[in-house]
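Here's the structure we're looking at; comments come further down.
Bear in mind that the values in this text are calculations on the coordinates, not laboratory data. The structure presented is a predicted model; accordingly, all values stated were derived computationally and were not measured. Note that each Cβ is placed from the backbone with ideal geometry, even for glycine, and that neighbours are counted across all protein chains shown.
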Amino acid sequence: MDLASKIKEILKQAEIYAAQGLFVEARDNYRGVIDLLQAQPRVKDREKILKSLNAKVEAMKARIRKVEGAAPPPVLSPEVQALIKKLFRFSLSDDPDHVALDGAVALTKFGQYGSAIGEFEDLLGRPTVRLAAAKNILRCHLAADEIPAATEKYRGWIGDPRFDSELLGKLHAFLQSLLEQKGSAVELPEPPRILQSEMLPTLQVEAPDEVLDINGVRIQISEGPSKGLYVDYDVSFQSGNVISILVSEQDAEVLNILQLGEILSNVELTAAVAIFKGSAKVMAKNRIKVGPRSGFFNVDLKIRAFAVSCG
């Protein structure tokens with residue numbers, strides 16, 4: 001690859017990083033291009049390009065400082081939290097356990113992690129939603145950058161009579177995957193082995209409304225200058241077959257296609273076990289106005305269908 005093509009590729013990556021709020025990665029890419037140009041004194045308009053790139057580096061530094069120095073989301077009043085749970089839940093079930101679970105997940109989308117954790121803790125006593133509630137407790141701690149709290153919570157469940165070996169095994173794999181996404185090298189204690197007496201002779205099939213844990217989603221841009229390109233997002237929360245992602249306000253082309261009710265027919269969903277191709281419906285798109293993610297949009301996608309990708 002020639003120098004010009006290499007620089008264009010790195011700059012494109014930097015733009016994608018910046019659009020997704022990955023400002024540290026974007027800054028490093030711009031610095032990489034600066035290093036390349038500084039080693040090539042005969043490049044046309046080199047000084048002008050370097051000046052522009054240095055300005056981009058400073059802009060990324062400013063955005064990093066803004067994110068790191070932002071105040072946490074304010075704690076909303078009980079009345080406002082009750083309204084959020086009513087307006088931003090998607091459970092079609094009349095089952096009170098699932099309604100309560102969906103309401104607690106709605107709180108997470110507004111940064112109300114403390115209140116959400118309290119409600120998820122209450123739901124641990126309900127077997128039908130225990131696994132989902134436990135997973136969301138871990139997600140809340142990691143969303144608040146409380147890695148030690150997440151790992152201690154998992155350790156506390158070992159020996160808790162509500163959590164059998166199979167359930168602990170699922171939570172171990174789930175938390176390990178989230179920690180790897182965070183770049184954390186924390187070693188989790190292995191759950192107790194499943195005893196022979198706990199194993200059932202029949203094949204266990206997950207309930208139809210219980211989908212795999214989705215870690216990431218890839219969306220294809222369907223219009224605009226970047227038509228045909230894919231962008232990747234981490235899943236911030238999941239409730240059943242509804243996943244939430246954070247999209248930067250700078251990512252205008254993606255936000256443009258994420259209209260309420262829109263069906264995304266070509267998405268890739270990354271789970272711990274495989275990559276799936278499928279479709280998803282845009283259920284909600286709300287701008288975050290306060291806290292570290294101010295300027296981002298929380299977008300809810302309902303997974304409609306998926307199949308294992310063989311490619």
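How many nm separate the modelled label positions at S222 and K8, each set 7 Å beyond the Cα in the direction of the Cβ?
It is 2.8 nm.
If the chain between E262 and E25 were fully stretched, how many nm would it gain, using 0.36 nm times the residue separation less the Cα-Cα distance?
Result: 82.3 nm gained on full extension.
Write down Rg/Rh for the stretch 214-308, rounded to two decimals, with Rg from the C-alpha atoms and Rh from the Kirkwood relation over Cα pairs.
Details: Rg = 12.6 Å, Rh = 13.4 Å.
Reported Rg/Rh, Kirkwood definition of Rh: 0.94.
Please report, to one decimal in angstroms, the Kirkwood hydrodynamic radius of the stretch 3-69 built from all distinct Cα-Cα pairs.
Final number for the Kirkwood radius of the stretch 3-69 is 12.1 Å.
Summing Lys, Arg as +1 and Asp, Glu as -1, what charge do residues with Cβ under 13 Å from the Cβ of D28 carry, D28 excluded?
That works out to +2.
What net charge do the residues around K8 carry, taking every other residue with its C-beta under 11 Å from that of K8, with Lys and Arg at +1 and Asp and Glu at -1?
Charge balance near K8 sits at -1.
Roughly what angle does helix 96-108 make with the longest principal axis of the chain, taking Cα atoms, 0 to 90 degrees, to the nearest 10?
30 degrees
Can you pull the semi-axes for the stretch 78-198, root of five times each eigenvalue of the Cα gyration tensor, sorted largest first, whole Å?
26, 18, 11
Less than 13 Å Cβ to Cβ from S184, Lys/Arg counted +1 and Asp/Glu -1: what total charge do the surrounding residues give?
Local charge sum for S184: -3.
Tell me the angle of helix 46-69 to the major Cα principal axis of the chain, expressed in degrees between 0 and 90 and rounded to the nearest ten.
So the inclination is approximately 30 degrees.
Please report Rg (one decimal) and Dmax (integer) in Å for the Cα set of the chain.
Radius of gyration, then largest Cα-Cα span, for the chain: 21.8, 74 Å.
If one takes the longest principal axis of the Cα atoms in the chain, at what angle in degrees, from 0 to 90 and to the nearest 10, does the Cα axis of helix 78-87 lie?
Tilt relative to the chain: about 80 degrees.
Using amide H atoms built 1.01 Å from N in the peptide plane, name the residues 5+ places from F297, or on other chains, whose amide H lies under 5 Å from its own.
HN-HN under 5 Å from F297: V247, S248, E249, I288.
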